[in-house]
Every structure is written in C-alpha cells, then in structure tokens.
Amino acid sequence: MKRIAVLTSGGDAPGMNAAVRAVVRTGIYHGLEVIGIQRGYSGLLHEELMPMTLGSVADVIQRGGTVLYTARCEPFKSPEGQRQGYEVLRKHGIDGLVVIGGDGSFRGAQKLAELGMPTIGIPGTIDNDIPCCDATIGFDTAVNTAIEAIDKIRDTATSHERTYVVEVMGRNAGDIALHVALAGGAESVLIPEAPFSLDEVIRRLERGVARGKKHSIILVAEGAGSGIEIGKHLATHTGFEVRVTVLGHIQRGGAPSARDRVLASQLGAYAVDLLRQGASGKMAATQNGALAAVDFETVFTTARKPDMRLYELVNMLSI
Ligand code: F6P
C-alpha cells in the first residue's frame, strides 16, 4: 500500500477535521502518500483530488466543519456512479480509502469495497444514529451546543414565565433530544423511538403550573414532529404563552469538544491501521471504549435505539 485517500461526506460534523488530520498524519507517519478528496463522492466523480501534507492539516483540530468540504451526491447512489468513482480512484493510484460520514456515506463506501477498493468508514454525524459504536464524531459537540442554547432559553423562559418548545436535529434519531433534555433539565422530551401523547405533555405542564412552576421546556427531536406544530397545539389546548425555537444548523457548527477531538483522532489513526492490515468494508469504531472494526453489513443490519434508560430518567426527574 502506497497511496491512500480520505474524504468527508454527508452532513458535516464537528470533529471531522480532527479525523482528517489523524488519517493524514498517521498515513504520512507510516510512509504513505495521502490524497484529500474534496466535496465527498461528488468531488470524487469530478476528480477533485489534492495531495495532503503535514501542513495541510495544521491548525485544523480545533475547527468545526470540514476542510475537505462535503456534499450529498445523488449520482453516486447509482451503480454507474459507483463504478465511475472506483475508476477515478484506480486512475489516481489510490490503494485504500477512508470515508468519514454517516449511514448514507457508508453505503457508498461499501459499494467501493465490493468493487475492490479497500475502504474503511469512520462514523461522523451529529445524529449519533449509527449502530455498533459508542458514539459518532460530532454528537458530543452538538449536544453541548444545544445545551448552551437551552440554558439561555431558560433564562428568558423564567423571566416571562413561558413554555418553550425547542426542536433539535437528529434526523430519525432521538439521541440529541434525549441527551439535551436530560442535561438541560427539560420537562418533557419527544423522540421518534418512543410513542408519546401530547395530552400527557399538557398534563405535565398543568401539573407544573399548579405547583408554582414558572416555566417549562419541551424538547422535540425533529424526527418526532414539527416543533412549530407542537407549539401551536400546546398553546391552543392550554392557553399558556408558548414560544418555539428551532435550533437548526447551529448544532452542526462550532469548535469540536475535547471528547469529539479525542474520538476523531483515535478513529482516524485506527482507520489507517486497518487499511495497512488489509481490512476493507468495515467501520472503525469504539465499543465500550475499545477500538473495534465492524463490518458494514453488520452496521446496516443492526437495529439501534438511544439508551432508553435515559428516556425513563428524563421523565422521572421532571415529575
Ligand atoms: O445528518 C445531520 C443532519 O444535520 C440532520 O440532523 C438533519 O436532519 C440534516 O442533517 C439536515 O440536512 P441539511 O444540512 O442538508 O439540511
């Protein structure tokens, strides 16, 4: 193995740069040439390849986003697109590829592996929706960003004695909502993985007011419903003053937390080690804190849920 490539794909996540840095520096440490592919699979198809040096990843470990840029690429979902991507990698003498991204990015990576390109995936998404790993890169930072926002919302919620509905990201997963609800002391949390009743949310709100509560915060995972619609429903059925905040893309930005930088550095280095050992079609992950290589096939066929004990805890602590 002489030359490897790295790309970031799908929604960006804080810590992706730390992972790219670790791939580049581990590769160079072992005498490999490392190529950066810009704009994910789209850049691969357009041959946006550039040599990476130690200096290309200087001063990036603390930066959010991805210096390689990212994209969601429809053409790469077709067998023709995947074959074309494979040919581009071969044309440029690439012997192994590291893909940093989420589930969709891994599906593309698996196809490249099937075509014969040794490929390793690193879980990078704020959603934390990848099974068989302790956490995805970016999740911890996104939760901290959302909590900072919740703390601020709580100040104004208390002053005005209002109910706030806060919608957070996560696609079809409730992990961000759940962790933010627990760490932010929310009164209710609505996630796609658990059935919920707005009548019960209302009962909780009314119970709170009856015992003198000045404000309430209800966390809604985007996969569970629209914060705006839920806010309207609550206002209509309680007569309380309700405000809605959709946190949106601020959750994707910002300097990565120490935890995300450490995870990204570990996984970036491990992905290169796996390629050097001849592995392919696997995700580099941590499981119970230890490094683990998991077949993409296992990742795709394993069901996952957030830790539902946390869900019970939110509900218990907010009685
Ligand atoms: O997967 C990350 C994520 O931020 C999701 O939480 C969200 O549903 C989606 O991406 C938003 O995508 P876009 O940036 O394309 O609007």
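Only the coordinates and a few stated rules stand behind these numbers; no lab work does. Quantities reported herein were computed from a predicted structural model and do not represent experimental measurements. Using ideal geometry, Cβ is built from the backbone for each residue, glycine included, and neighbour counts are taken over all protein chains shown.
Take the Cα of LYS77, step 7 Å toward its Cβ, do the same at LYS2, and the gap between the two points is 3.8 nm. With respect to the chain, whose longest principal axis is taken over its alpha-carbon atoms, helix 139-160 is tilted by about 20°.
Tell me, in nm to one decimal, what length is gained between VAL262 and MET308 on full extension, where the rule is 0.36 nm per residue of separation less the Cα-Cα distance? Mind showing how you got there, number by number?
Numbers: separation 46, 0.36 × 46 = 16.56 nm, distance 2.59 nm.
Extending this stretch completely gives an extra 14.0 nm.
In this simple spin-label approximation, GLU114 and CYS132 carry label points 7 Å from Cα along the Cα→Cβ vector, and these lie 1.5 nm apart.
Peptides 248-261, 297-310, 150-163, 217-230: what's the order by average Cβ count within 10 Å, highest mean first? Before the final figure, lay out the partial values.
Values: 248-261: 17.9, 297-310: 13.1, 150-163: 15.5, 217-230: 21.6.
In decreasing order of mean packing, 248-261, 297-310, 150-163, 217-230 become 217-230, 248-261, 150-163, 297-310.
Look at the alpha carbon pairs under 8 Å that are at least 6 residues apart: their mean separation over the length of region 206-293 gives a relative contact order of 14 percent. Taking region 164-205 and a reference point 7 angstrom along Cα→Cβ of THR158, the backbone N atoms nearer than 20 Å belong to 164-166, 180-188, 205.
Globularity index of region 140-252 is 0.97 (Cα radius of gyration / 2.2 N^0.38 Å, N = number of residues). The LYS91 and THR53 beta-carbon pair, evaluated with R₀ = 22 Å, returns a calculated FRET efficiency of approximately 0.50.
Report the charge-dipole magnitude of region 230-319 in Debye, nearest 20, computed about the Cα centre from +1 at each Lys and Arg Cβ and -1 at each Asp and Glu Cβ. Charge dipole, region 230-319, about its Cα centre: 180 debye, nearest 20.
Computed about its Cα centre, the charge dipole of region 140-252 is approximately 320 debye, with only Lys, Arg, Asp and Glu carrying charge at their Cβ.
What is region 165-227 by shape, rounded, prolate or oblate, if you read a ≥ b ≥ c off the alpha carbon gyration tensor as root eigenvalues and call it rounded for a/c under 1.5, prolate for a/b larger than b/c, and oblate otherwise? Provide the component values of the computation, followed by the final result.
Details: a/c = 2.52, a/b = 1.71, b/c = 1.48.
Prolate, because a/c is 1.5 or more and a/b exceeds b/c.
Counting lysine pairs in the chain whose alpha carbons fall under 16 angstrom apart, excluding pairs fewer than 8 residues apart on the same chain, gives 4.
The residue list ALA292, LEU68, ALA146 was ranked by how far each Cα lies along the charge dipole of the chain toward its positive end, using unit charges on Cβ atoms, and LEU68 comes out on top.
Taken about its Cα centre, the chain carries a charge dipole of about 320 debye when Lys and Arg each add +1 at the Cβ and Asp and Glu each add -1 at the Cβ.
Placing a label point 7 Å from the Cα of HIS249 along the Cα-to-Cβ direction, the residues of region 33-57 with a backbone N closer than 17 Å are 39-40. In region 1-92, a dipole from Cβ-located charges (positive for Lys and Arg, negative for Asp and Glu) runs towards its positive end, and of GLY43, GLY55, MET1 it is MET1 whose Cα lies farthest in that direction.
Summing -39500 (n - 2.57) over the DSSP H runs of n ≥ 4 in the chain and dividing by its residue number, what mean residue ellipticity at 222 nm do you reach, to the nearest 500 deg cm²/dmol?
On the way: 11 runs with 138 residues, N = 319.
Helix contribution divided over all residues of the chain: -13500 deg cm²/dmol.
With a simple spin-label model that places each label point 7 Å from the Cα along the Cα-to-Cβ direction, the separation between GLN62 and ASN288 comes to 3.7 nm.
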